[in-house]
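The block underneath contains the structure these notes are about, expressed in structure tokens.
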Amino acid sequence: MFTTKTEQQLTTEYLSQGYIIRPVADIEALNWIRQQFVDIVSEALGINNDIDPEVLLNQIHERVPVTELNNFRLKIIRGFNAIDGFREHYYQVARPFLDTIVGNELAMQLRVNLSIQFPHDDSSLLPVHADTWAGDSPYEVVVWLPIVNCYGTKAMYLLPPAKAAELNQNFSKSAGQNSEELYHAISNDVKWLNVNYGEVLVFDQALPHGNRINSESETRWSMNCRFKGVFTPYGDKKLGEFFEPIILRAATQTGMSYKLPGI
Ligand SMILES: [Fe+2]
């Protein structure tokens, strides 16, 4: 492989663990993103936005009733997806890691997604799954970006590739009757991914992953967004309706518009 040493390290790490966690490539972009959240959230709550972001976000369960959580979450998602440049900032945070892991002609999900996990709340859990089981292309990666420190059960878990391969081999035996039984079959093998504010996680969504009840005392806020090589095979999520190209190189552009001379 004609890759640099840094690229080799990142590649080996991603292939053996199924993920990488790194300090963000652009801290100003991340701080800008978090400020957008503070603005949108404080407007939604009708409070002043000169509040400490960490306190506001980590303790949001003290201000929003759990019955309102999903509406609140959708409101925030609509809010930040409507901001010019939001997705570009999101991309900048992970750009060099995507270049190495995915490539430099990229398609990005049209809408960035958000997960808000209140302490001790079981109403918005993500049972163990691989996105590919529901029709995603195995060529997609997820860029998972927290805007608060995520640790312990406030974080997410992932089943590493070697263990996932074992599970695949005797899936019908290990999987049990439902996702809870499946989780218990793999619970000793999953890796909990601590990701602090200032760091970004890129993971392989074809590996089983999910979360459990957040038993920490703070609310989790994390965004997620899929990226893939523009010319890699698509699953149920198509180019144009779910993904759009964000980087196309000059030779690709001339190639795509090329016509043989008429005769
Ligand atoms: Fe997923």
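The values are calculated or read from the model by the stated rules, or taken from the named source; none is laboratory data. Since this is a predicted model, take the numbers as computed values, not measurements. In this analysis, Cβ positions are derived from the backbone assuming ideal geometry, glycine residues included, and neighbour counts consider all displayed protein chains.
Quick grid of which residues meet (1) closer than 22 Å to Phe97 by Cα; (2) away from the ligand (no atom under 16 Å from the Cβ); (3) among the charged types (D, E, K, R):
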site: Ser174; (1), (2), (3): no, yes, no
site: Gly198; (1), (2), (3): yes, yes, no
site: Leu201; (1), (2), (3): yes, no, no
site: Gly235; (1), (2), (3): no, no, no
site: Ile247; (1), (2), (3): yes, yes, no
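Among the residues that make up region 98-111, is at least one of them over 28 Å from Leu248 (Cα atoms), surrounded by 14 or more Cβ atoms within 10 Å (Cβ to Cβ), modelled with pLDDT of 95 or more and in contact with a strand residue (DSSP E or B) (Cβ under 9 Å, 6 or more places away or on another chain)? For region 98-111, residues over 28 Å from Leu248 (Cα atoms), surrounded by 14 or more Cβ atoms within 10 Å (Cβ to Cβ), modelled with pLDDT of 95 or more and in contact with a strand residue (DSSP E or B) (Cβ under 9 Å, 6 or more places away or on another chain): absent.
Restricting Ser179, Ser217 to residues that are of a type in the set (Ser, Thr, Tyr) and within 16 Å of the ligand (Cβ to nearest atom) narrows the list to Ser179.
Scanning region 119-137 for residues that are of a type outside the set (A, V, I, L, M) and either at positive phi or out of contact with any strand residue (DSSP E or B) (no Cβ under 8 Å at 6 or more places or on another chain) (or both) returns Pro119, His120, Asp121, Asp122, Ser123, Thr132, Trp133, Gly135.
Among the residues making up region 93-109, those that are within 13 Å of the chain's Cα centre (by Cα) and more than 13 Å from the ligand (Cβ to nearest atom) are Val93, Ala94, Leu98, Met108. State all residues of region 114-163 that are surrounded by fewer than 20 Cβ atoms within 10 Å (Cβ to Cβ), within 14 Å of the ligand (Cβ to nearest atom) and either assigned to a helix (DSSP H, G or I) or without any contact (Cβ under 8 Å) to a residue 12 or more places away in the chain (or both); if no residue qualifies, say none. Result: Thr132, Trp133, Ala134.
Let's see how each residue does on (1) more than 28 Å from Ala130 (Cα to Cα); (2) in contact (Cβ under 8 Å) with a residue 12 or more places away in the chain; (3) assigned to a helix (DSSP H, G or I); (4) in contact with a Leu (Cβ under 9 Å, 6 or more places away or on another chain):
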{"site": "Leu10", "(1), (2), (3), (4)": "no, yes, yes, no"}
{"site": "Tyr14", "(1), (2), (3), (4)": "no, yes, yes, no"}
{"site": "Ala25", "(1), (2), (3), (4)": "no, yes, no, no"}
{"site": "Ala44", "(1), (2), (3), (4)": "yes, yes, yes, no"}
{"site": "His61", "(1), (2), (3), (4)": "yes, yes, yes, yes"}
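For region 175-196, the set of residues classified as of a type outside the set (A, V, I, L, M) and surrounded by 15 or more Cβ atoms within 10 Å (Cβ to Cβ) consists of Ser179, Tyr183, Asp189, Lys191, Trp192, Asn194, listed by residue number.
Matching residues to (1) touching a helix residue (DSSP H, G or I) at 6+ places or on another chain (Cβ under 7 Å); (2) more than 24 Å from Asn31 (Cα to Cα):
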| residue | (1), (2) |
| --- | --- |
| Arg95 | no, no |
| Met108 | yes, no |
| Leu114 | yes, no |
| Asp121 | yes, yes |
| Ser124 | yes, yes |
| Ser137 | no, yes |
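Within region 63-86, the set of residues being closer than 18 Å to Phe118 by Cα, touching a residue at least 12 places away in the same chain (Cβ under 8 Å) and either part of a helix (DSSP H, G or I) or not aliphatic (A, V, I, L, M) (or both) comprises Arg63, Val66, Leu69, Asn70, Phe72, Arg73, Lys75, Ile76, Ile77. Residues of region 93-106 include at least one that is in contact (Cβ under 8 Å) with a residue 60 or more places away in the chain, under 21 Å from Ile21 (Cα atoms), among the hydroxyl-bearing types (Ser, Thr, Tyr) and part of a helix (DSSP H, G or I).
Determine, yes or no, whether Ile40 is buried (at least 16 other Cβ atoms within 10 Å of the Cβ), within 18 Å of the chain's Cα centre (by Cα) and farther than 30 Å from Glu7 by Cβ. No; evaluated as a whole, the condition is false for this residue.
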